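Before anything else, here's the structure in question.
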Amino acid sequence: MSCSIILGAQWGDEGKGKIVDMYSRQADVVVRYQGGHNAGHTVWVNKEKYVLHLIPSGIIHKDTVNVIGNGVVVELEALIKEIRELTERGIKFGGRFFLSDRAHVIMPYHTLFDKHKEELKGAKKIGTTGRGIGPTYMDKTGRIGIRICDLFDDAVLESKVRGNVEEVNVYAEKIFGLPPVSADDIIADCKRFAAEIKPYVTDTAVLINKYIGEGRKIMLEGAQGTMLDVDFGTYPFVTSSNGTAGGACTGSGVSPRSIGNIAGVMKAYTTRVGSGPFPTELFDGDGELLRKTGDEFGASTGRPRRCGWLDLVAAKYAVMINGLNFIALTKLDVLSCMERIKVCTGYEIDGRVVDTFPAEIDRLERIKPVYKEFPGWKTDISGARSIDDLPENAKNYVDFIKDYLKVPYCVVSVGIDREDTIVLNEIF
Ligand code: GDP
Ligand code: IMO
Ligand code: MG
């Protein structure tokens, strides 16, 4: 099968960017299928850092075609800025970058509402990235969204924007106490941005399926992670799209029949940004040490990430929901700082131990993790290029995770660079 999915198996920031870039060597086409510029995917090449927000992480390999699929929500100014910055660094877009005409547009009022709704929630806030993601997906499912194709028909654009802004201004003035937004300004900006992105816009579902017909290798790149998925994550502390494997099909126009391998990217510990349940979170010096050693600060917002031990109950749920047949384990090198390492193998809730992931937020908040403890290895492992290069204690840790999840590794990552990897299986 010519399509493989690489997605997040935890709460985001698992290192998807690095793994997608690494496997882009073999891919012909890389497709982002959901989320928006809430994502921050980091790729290091020859000591140079790239942080991709909307553009697929395959863009750095010059022979790949990169596609933003219909499931993504696009803030036009952010997209143009990202294209400009990457172009200045020598990356070419002409003929190798495409944007779906069905993708929805993040309008200024979405961003405004995202921020103000969060403020109104006070202590109950989700801790969103403030990028307008939730309100844009609300308009999409509410059937009043503005799509990329609408930008190129003046009559449609004007009528849709004016209709929406009328309603938006009721909320802006009466609920948020804000000045009204100007439909004229929004329409003018949309037209200006539309002219810039026009060369890239196409029916990407047709394009991708043409490539599939030609037997080309397609990589579908998820944003966020399984535990942030709007259906399967820690709802309501989630993002507003499906980063899980099903979303890869609906967000790109690729049939499930075309999907072959599905790799879940998973840190050797856990992080989360924003509010919401995090059963294995550490509030002590160990959490601080992980944050410092792993440089756990948001790639998009710079916020410090909450840190904790690896949660295999959540990971097992991610294996099931996504049908993962490979795990890409990342940041194993960060654990070299630890004297001892814990892994959560069960949840105790109200005196009972369960090994499935509960739906109810209050049950999630009452979890007492059941841990298995491992001795650390306290050695630099970033030079390891095969499993046999790892110290015995690290090998035991890696083997335990694989045996618990019953899923083999495609890669074990031991550093930030493309080359800092132990490759165990190809995904095409
Ligand atoms: P993404 O959103 O899943 O693409 O992940 P982010 O880029 O937001 O965060 C992952 C961070 O970990 C980035 O700073 C990467 O450069 C870094 N990273 C990825 N893999 C490894 C690894 O194996 N070891 C170390 N030390 N850092 C890694
Ligand atoms: P990548 O792709 C980590 C989190 C936010 C917040 C919640 C909802 O880099 O892994 P949103 O702005 O999406 O409405 O915020 O989701 N979040 C992420 N956390 N990595 C991400 O992306 C995230 N994108 C959103 O912090 O808790
Ligand atoms: Mg990230």
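Among the residues of the range 218-232 satisfying the criterion of being in a loop (DSSP other than H, G, I, E, B) and open to solvent by 10 Å² or more (accessible area, probe 1.4 Å), which is farthest from ligand 3 (Cβ to nearest atom)? First the steps, then the outcome.
Of the range 218-232, the ones in a loop (DSSP other than H, G, I, E, B) are 222-225, 229-232.
The next check asks that each one be open to solvent by 10 Å² or more (accessible area, probe 1.4 Å); those that pass are 224, 230-232.
Numbers: GLN224: 8, VAL230: 18, ASP231: 21, PHE232: 19 Å.
Looking at residues that are in a loop (DSSP other than H, G, I, E, B) and open to solvent by 10 Å² or more (accessible area, probe 1.4 Å), I get ASP231.
Among the residues of the range 269-281, is there at least one that is assigned to a helix (DSSP H, G or I) and either of a type in the set (Lys, Arg) or open to solvent by 40 Å² or more (accessible area, probe 1.4 Å) (or both)?
Residues of the range 269-281 assigned to a helix (DSSP H, G or I): none.
No, the range 269-281 contains no residue that is assigned to a helix (DSSP H, G or I) and either of a type in the set (Lys, Arg) or open to solvent by 40 Å² or more (accessible area, probe 1.4 Å) (or both).
With the condition kept exactly as written, say whether any residue in the range 199-210 is open to solvent by less than 20 Å² (accessible area, probe 1.4 Å) and not in a helix (DSSP H, G or I). Before you say what the answer is, go through the steps one by one.
Keep residues of the range 199-210 that are open to solvent by less than 20 Å² (accessible area, probe 1.4 Å), which gives 204, 208.
Subsequent filtering for residues that are not in a helix (DSSP H, G or I) retains none.
No, the range 199-210 contains no residue that is open to solvent by less than 20 Å² (accessible area, probe 1.4 Å) and not in a helix (DSSP H, G or I).
Looking at the range 88-105, I want the residues that are assigned to a loop (DSSP other than H, G, I, E, B) and have a partner that is open to solvent by 40 Å² or more (accessible area, probe 1.4 Å) and basic (Lys, Arg) with Cβ atoms under 9 Å, at least 6 apart or on another chain. Which pairs are those?
Sorted first by the residue in the range 88-105, then by its partner, the pairs are ILE91/LYS62; LYS92/LYS62; ARG96/LYS62; ASP101/ARG147; ARG102/ARG147; ALA103/ARG147.
Identify, by number, the condition in (1) in a loop (DSSP other than H, G, I, E, B); (2) in contact with a Leu (Cβ under 9 Å, 6 or more places away or on another chain); (3) within 30 Å of LYS160 (Cα to Cα); (4) not hydroxyl-bearing (Ser, Thr, Tyr) that ILE60 doesn't meet.
Result: ILE60 fails condition (3) only.
For GLY134, are the conditions met, namely being open to solvent by less than 60 Å² (accessible area, probe 1.4 Å) and small (Gly, Ala, Ser)?
Details: open to solvent by less than 60 Å² (accessible area, probe 1.4 Å): yes; small (Gly, Ala, Ser): yes.
In short, yes.
Right, here's the next one. Having 2 or more residues that are open to solvent by 10 Å² or more (accessible area, probe 1.4 Å), over 26 Å from ARG102 (Cα atoms) and away from ligand 2 (no atom under 11 Å from the Cβ) is the bar; report the strands (runs of 3 or more DSSP E) wholly within the range 1-57 that clear it. Let's see the steps before the verdict.
Working: elements: 3-8, 29-32, 41-45, 48-52.
The qualifying strands (runs of 3 or more DSSP E) are 41-45, 48-52.
For the condition in contact with a Pro (Cβ under 8 Å, 6 or more places away or on another chain) and either outside any loop (DSSP other than H, G, I, E, B) or free of Cβ contacts under 8 Å to residues at least 40 places away in the same chain (or both), what is the one hit in ALA188, ALA172? Before the answer, list the steps.
Values: ALA188 fails: in contact with a Pro (Cβ under 8 Å, 6 or more places away or on another chain).
Every option except ALA172 fails the conditions.
For the range 57-78, check the following and say yes or no: at least one residue is within 16 Å of ligand 1 (Cβ to nearest atom), farther than 28 Å from TYR109 by Cβ and of a type in the set (Gly, Ala, Ser).
yes
Also, I was wondering about something else. Return yes when PRO108 is open to solvent by 10 Å² or more (accessible area, probe 1.4 Å) and either within 19 Å of the chain's Cα centre (by Cα) or outside the structural domain of SER182 (by TED's automatic domain parsing) (or both) and no when it is not. Reasoning before the result, please.
Working: open to solvent by 10 Å² or more (accessible area, probe 1.4 Å): yes; either within 19 Å of the chain's Cα centre (by Cα) or outside the structural domain of SER182 (by TED's automatic domain parsing) (or both): no.
No.
Being farther than 20 Å from LYS18 by Cα, outside any helix (DSSP H, G or I) and of a type in the set (Lys, Arg) narrows it down to one of LYS402, LYS395, LYS378, so name that one. First the steps, then the outcome.
Values: LYS402 fails: outside any helix (DSSP H, G or I); LYS395 fails: outside any helix (DSSP H, G or I).
Answer to the check: LYS378.
For the range 63-87, what are the residues that are assigned to a loop (DSSP other than H, G, I, E, B) and in contact (Cβ under 8 Å) with a residue 60 or more places away in the chain? Before the answer, list the steps.
Within the range 63-87, the subset assigned to a loop (DSSP other than H, G, I, E, B) is 63-64, 69-71, 75.
Correct list: GLY69, ASN70, GLY71.
The values are calculated or read from the model by the stated rules, or taken from the named source; none is laboratory data. What you are looking at is a predicted structure, and each value in this text was computed from that prediction instead of being measured. With ideal geometry, Cβ positions are generated from the backbone for all residues, glycine too; neighbour counts draw on all protein chains shown. These area figures cover heavy atoms from the full protein model, side chains too; ligands, DNA and RNA do not enter into them. Shrake-Rupley method; radii C 1.70, N 1.55, O 1.52, S 1.80 Å.
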